[in-house]
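In what follows, a single structure is set out as structure tokens and then discussed.
The values are calculated or read from the model by the stated rules, or taken from the named source; none is laboratory data. Keep in mind it's a predicted model, so treat the numbers as computed, not measured. All Cβ positions, glycine included, derive from the backbone under ideal geometry; neighbour counts span all protein chains shown. For accessibility, only protein heavy atoms count, side chains too; no ligands or nucleic acids. Shrake-Rupley method; radii C 1.70, N 1.55, O 1.52, S 1.80 Å.
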Amino acid sequence: LFGEVPQATPVAVFKLSNDFKEDANPKKVNLGVGAYRTDEGQPWVLPVVKKVEKIIVADNSLNHEYLAILGLPEFRSSASKIALGEDSPAIQENRVGAVQCLGGTGALKMGAEFLRRWYNGNDNTKTPVYVSAPTWENHNAVFANAGFEDIRPYKYWDAEKRGLDLDGLLGDLESAPKHSIFVLHACAHNPTGTDPTHVEWMQVAEVMKRRKLFVFFDSAYQGFASGCLDKDAWAVRYFVTQGFEMFCAQSFSKNFGLYNERVGNLTIVARDSDNLKRVLSQMEKIVRVTWSNPPSQGARLVAITLNTPELFAEWKDNVKTMADRVLLMRASLQAKLQALETPGTWNHITQQIGMFSFTGLNPKQVEYMIKERSIYLMASGRINMCGLTTKNIDYVAESIHETVVN
Ligand code: PLP
């Protein structure tokens with residue numbers, strides 16, 4: 001019965017981690033997977049998470065009954081609040097709702113499924129969906145899997161200047177068919193680590209509004225770009241002030257270190273509360289046939305943290321600790337490459353933000369790094385800055401130097 005099943009290609013980032021595991025070189029370094037590591041190279045359970053876990057265990061009133069289809073209400077509302085801001089006019093006007101989802105991926109999936117069925121009143125298999133070039137590799141697949149047939153790249157990265165291709169981006173917005181869907185990274189763009197400035201975001205919003213394009217924000221790294229949650233939500237909040245109806249997929253995998261708890265939220269900004277009510281009613285239908293009800297542990301943990309002022313303050317502090325370590329590693333790697341006089345410019349390492357750096361190493365150089373130096377990074381040249389530590393950074397810098405010179 002399964003004789004005709006072809007072998008699927010492995011997911012690149014997980015294959016890289018497996019190859020890393022099997023590498024016997026004691027000097028090996030994993031700069032692939034997008035997860036935070038301490039300076040000891042270990043995963044970090046946030047202190048605030050440990051504290052809230054104890055609160056949950058001690059609470060005898062909790063049980064394992066099903067949650068509502070759309071999830072834990074106190075999680076959904078507090079998650080939307082950190083995206084849109086406490087004083088968001090849209091929240092005050094009761095036109096913001098949310099769906100608790102399985103991670104940021106689940107939030108993208110729910111949004112995509114809904115848009116295919118209901119966006120603009122049509123079945124939307126032919127509506128173009130634009131994702132940045134390059135982007136997180138799953139964007140394309142999630143939208144294709146939801147039934148969208150026309151997924152297109154929009155210009156984003158200028159490889160030569162190692163920065164944003166603003167003219168290309170604005171040009172693609174201008175020429176996209178009316179009502180096309182655009183997936184925008186809310187902050188800390190993956191993989192380039194390059195976000196538009198406020199002025200550039202304003203230009204993007206102006207074109208999108210004029211050309212009636214749909215904004216689907218993907219917010220997987222709130223807090224990682226600047227260390228400040230509010231600053232990292234600037235673009236999302238600006239679009240709300242401009243009157244957009246939109247979606248924002250939020251992941252709490254990275255900023256809470258809750259990767260395997262699958263905590264995500266799809267924030268929906270609708271035109272009015274009546275629209276919102278009907279959108280949520282259809283979301284219920286989609287959730288019901290997908291995972292039926294979401295899991296509670298991670299969402300409860302996030303909700304308690306966000307809704308308790310002392311814990312919220314502690315979480316913000318924990319996020320800043322992670323963001324600051326990344327900044328330190330950026331400055332350190334750049335300084336080391338400059339000290340080694342590695343050919344090329346390396347300013348982009350400190351100019352880029354968030355968890356990743358787009359090094360500019362080409363696929364051949366990446367192969368050399370992996371094969372000859374046991375340093376594992378994505379074929380695109382993307383490195384996870386959190387994989388660098390004070391112990392391995394000299395080895396990594398020397399290896400990049402050797403690779404570039406060879
Ligand atoms: N969006 C982007 C840009 C990501 O980089 C990731 C994870 O790497 C996600 C969404 C999905 O996050 P989650 O693990 O919460 O599904």
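Looking only at residues of segment 232-256 that are within 14 Å of the ligand (Cβ to nearest atom) and farther than 25 Å from PRO128 by Cβ, we find that the one that is most open to solvent (accessible area, probe 1.4 Å) is LYS254.
Is there a residue in segment 364-375 that is in a strand (DSSP E or B) and open to solvent by 10 Å² or more (accessible area, probe 1.4 Å)? Scanning segment 364-375, I find no residue that is in a strand (DSSP E or B) and open to solvent by 10 Å² or more (accessible area, probe 1.4 Å), so the answer is no. Does PRO191 satisfy being in contact with a Pro (Cβ under 7 Å, 6 or more places away or on another chain) and buried (at least 22 other Cβ atoms within 10 Å of the Cβ)? So PRO191 fits the description; yes. Looking across ALA112, ALA98, one residue alone is within 13 Å of ALA270 (Cβ to Cβ) and either among the small types (Gly, Ala, Ser) or part of a helix (DSSP H, G or I) (or both). It is ALA98.
Summed over segment 270-292, residues that are within 23 Å of the chain's Cα centre (by Cα) and open to solvent by 30 Å² or more (accessible area, probe 1.4 Å) total 2.
When segment 55-109 is examined, which residues are found to be closer than 20 Å to PHE217 by Cα and aromatic (Phe, Trp, Tyr)? Within segment 55-109, just PHE75 meets the criteria.
Selection of segment 347-360 for residues being over 14 Å from ALA188 (Cβ atoms) and buried (at least 24 other Cβ atoms within 10 Å of the Cβ) yields ILE349, THR359. Counting only residues that are touching a helix residue (DSSP H, G or I) at 6+ places or on another chain (Cβ under 8 Å), open to solvent by 60 Å² or more (accessible area, probe 1.4 Å) and away from the ligand (no atom under 16 Å from the Cβ), segment 293-316 holds 2 of them.
Residues are listed down the side, and each one gets a yes or a no for (1) of a type outside the set (Ser, Thr, Tyr); (2) away from the ligand (no atom under 16 Å from the Cβ):
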position	(1), (2)
GLY71	yes, no
PHE75	yes, no
ALA83	yes, no
SER88	no, yes
ARG95	yes, yes
THR105	no, no
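If you check ALA323 against the conditions, is it of a type in the set (A, V, I, L, M) and surrounded by fewer than 17 Cβ atoms within 10 Å (Cβ to Cβ)? Against the criterion (of a type in the set (A, V, I, L, M) and surrounded by fewer than 17 Cβ atoms within 10 Å (Cβ to Cβ)), ALA323 does not qualify.
Mind listing whichever residues of segment 195-231 are within 13 Å of the ligand (Cβ to nearest atom) and modelled with pLDDT of 95 or more?
Here is the first cut: in segment 195-231, the ones within 13 Å of the ligand (Cβ to nearest atom) are 195, 216-222, 224-225.
Result: ASP195, PHE216, PHE217, ASP218, SER219, ALA220, TYR221, GLN222.
In segment 19-36, the qualifying residues are those that are surrounded by 11 or more Cβ atoms within 10 Å (Cβ to Cβ) and not in a loop (DSSP other than H, G, I, E, B), and the one that is nearest to the chain's Cα centre (by Cα) is ASN30. Number of residues in segment 134-179 that are open to solvent by 40 Å² or more (accessible area, probe 1.4 Å), outside any loop (DSSP other than H, G, I, E, B), within 16 Å of the ligand (Cβ to nearest atom) and over 22 Å from TRP118 (Cβ atoms): the value is 3.
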